[in-house]
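Data block below; observations after.
The values are calculated or read from the model by the stated rules, or taken from the named source; none is laboratory data. As the structure is a prediction and not an experimental result, all values here were calculated from the model. Here Cβ is always computed from backbone atoms with ideal geometry, including for glycine, and neighbour counts include all displayed protein chains. Surface accessibility is based on the protein's heavy atoms, side chains included, excluding ligands, DNA and RNA. Shrake-Rupley method; radii C 1.70, N 1.55, O 1.52, S 1.80 Å.
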Amino acid sequence: MNDFPVAPRAGRARTACDVCRHRRIRCDGVKPACETCHYAGVPCVFTPPPAVPRKTVREQLAEHKVQVQHLEEALRAERAKNALTRFPLIDQPSPDPAPAPVGGLVDSYGFDAALSAFMRTLGFCGFGPKPTPFLFPTDQHRMPSIFNLDQFAHQLTFSFKAEFPHHTSRIIHPQQPPPSLIRTVIDYFFNNSLYSVFPVIDPDTLLSLRDSDLLNAFQDPVTPMRSVQVCLVALTALVTRLRDNEPAFAGADSEAFLQSVLARLPELVMSGDDDLWTLRTLILAVIYLAPLGAPQSAELILAMAIRLLINLGGNRTQDIHKSSSLRKHAGHLRALFWLCYSIDREMSIRSLHPPFLHDIDCDIELPEQYLMASSEHQPDLSLSPTAGLLYPTDLRMSIIKSKIYRLLYSDYGLAQSAAIRVQYIRELDEELSNVKARFPADCRPENLSPGSIPDSWVLDLSLRAVNMHLEYYYCLAIIHGACRITGSHPSPDEVSPLSSSIELCNQAARSILLYLSRLRHLIIPQTFWIYAQFILSALVSLGWKLIAEPIHPSAIGDLHLIEHTREMFTGLKEMNNPSKFPAFYVMEAFILRLVSLVVQSNHLPSG
């Protein structure tokens, strides 16, 4: 079934005695009595862990398939419930929701999907039940009484339907790309060095497939698709979406291509046809889905990808080299590991949920081919496709994100005293500053946002560089905002650093909005949902500060910054037909409502 042996389970043997394990302290494991029990004068008992039979890969995949089916049913039921009860038209019966196609992919350019994604994102920015670093708990509890989201969504739905009565969300049907388009995508992927950013399929393997008989088999409706063919469809879907403005990809329906991939994923994962190609397919699907504003589907597929990656031993360098069948793929498997690791950490820090991969189970030394000193400007496409690896984000930032969650937001971090949490905040701030210091001098965040860098430089920034800078601001806010949700009461000596943390968190919010005001040309439908949480977090943070502290010296400037952001989205809405991309319409309406509440509550001058 599988060309690759199952890697041994990561982890360490259970060596702590019962007393040390109960007290959660280190045990030296000495017998007949460890040091702790010896000095305490108590019996030292080593109770072996219960024998749990290990499930085979096929049994694990069968369980995952059942979980996928249950989650798909739950998602369809939730969509139907939302469509019927949460956002009905005023004085009009809600139409029956269109049946969701197999795979659960909905029209990302539809209004209902845009509004649902927007509301879901707001849940991580202070409007959800979970504590957030952007508001104090008392302020978060007051937020629903000040900004009624249900009423906002209800009124917005009515106004949009009235303004665009013919807007409908299309049903996405699976579609196979023609072999000629797949060959064009392979050439584009190779010639534009996309492997350095998305190291999913190595260039040599791609070129060997370009003229193979596998592509011709796409024309045969009887022969079932192999895992390598499904992976090529997933690659075609991703590239044609990312580069839909290229003439060579005109008319390509990337969503239909991905729908065909999602429809085959359960069968593909169960078959064990080729685990490496299945892993590549899963990762490509995650990269496609993650920026669509619907992280649940991406997280589900990422969990399957990580499980398969661990089975192949990609999380441990030594596990790869132990197997002769894996050794030739060692470098590529590690590249796939880092791609999964960076996505996993990004999802974790945005949702403040535990990551799927734990650092203790992974080798996290940076890969040899990683370009740490890469330019922040548009990459030199004349470089060899395998000259080095950039990844979609800076891997050093991914490691910091892992530490932020573990030290400040995990159960362990939240259980620490205020003094220890303040110490963690200081250490993480210093580590983040060290990463920022390695940014090119002319493109460091503190220089770019105030406008001291010419527009010619800003326009040449790569999308990767933009993400790195925004991640820096966001991580800065997440680190210093952690003092808002500490469970213990700070001592007088700790008040000053906590106060400075709050101001740094507010300054990070301002920097996000200032930074994006110079990069509006990069806020397009393909990137909007990547930036949406950064933008909404900054808006909610500053908006609440204006409501709570209307006479603060920064109040007028903060209000003007929020209004300037609203003007930016008004311009983006006018440039992009709202009926074809409603997310800009929703964002503009939200900022208008936020400004109105701020002005009404404190009688601040608008405009």
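Brief remarks follow.
- Residues in the range 542-573 that are over 15 Å from Ser511 (Cα atoms) and not in a helix (DSSP H, G or I) were compared, and the one that is least open to solvent (accessible area, probe 1.4 Å) is Pro550.
- Within the range 288-303, the set of residues being at pLDDT 85 or above and under 9 Å from the mean Cα position of the chain (by Cα) comprises Ala290, Pro291, Ala298, Glu299.
- Residue check: Gln296 meets all listed conditions (1) outside any helix (DSSP H, G or I); (2) closer than 22 Å to Trp338 by Cα but one, namely (1).
- Residue in the range 519-530 that is open to solvent by 40 Å² or more (accessible area, probe 1.4 Å), over 21 Å from Ala294 (Cα atoms) and of a type in the set (Lys, Arg) present: yes
- In this entry, Phe124 passes the filter for residues that are open to solvent by 20 Å² or more (accessible area, probe 1.4 Å), among the aromatic types (Phe, Trp, Tyr) and closer than 21 Å to Ala509 by Cα.
- Filter result (open to solvent by less than 30 Å² (accessible area, probe 1.4 Å) and either of a type in the set (Val, Ile, Thr) or within 18 Å of Val595 (Cβ to Cβ) (or both)) within the range 154-184: Leu156, Thr157, Ile172, Ile182
- If you go through the range 413-427 and keep only what is open to solvent by less than 60 Å² (accessible area, probe 1.4 Å) and of a type in the set (S, T, N, Q), you end up with Gln416, Ser417.
- Single match in Ser433, Ser410, Ser500, Ser456 (criterion: modelled with pLDDT under 85 and either open to solvent by less than 50 Å² (accessible area, probe 1.4 Å) or closer than 30 Å to Asn192 by Cα (or both)): Ser456
- Pro295 being open to solvent by 10 Å² or more (accessible area, probe 1.4 Å) and touching a residue at least 12 places away in the same chain (Cβ under 8 Å): yes
- For Phe134, the criteria (1) open to solvent by less than 40 Å² (accessible area, probe 1.4 Å); (2) more than 30 Å from Ala548 (Cβ to Cβ) hold in every case but one, which is (2).
- Qualifying residues in the range 250-273 (those that are among the acidic types (Asp, Glu) and surrounded by fewer than 19 Cβ atoms within 10 Å (Cβ to Cβ)) - the one modelled with the highest pLDDT: Asp253
- Val222 being modelled with pLDDT of 90 or more and either closer than 22 Å to Pro266 by Cβ or of a type outside the set (Val, Ile, Thr) (or both): no
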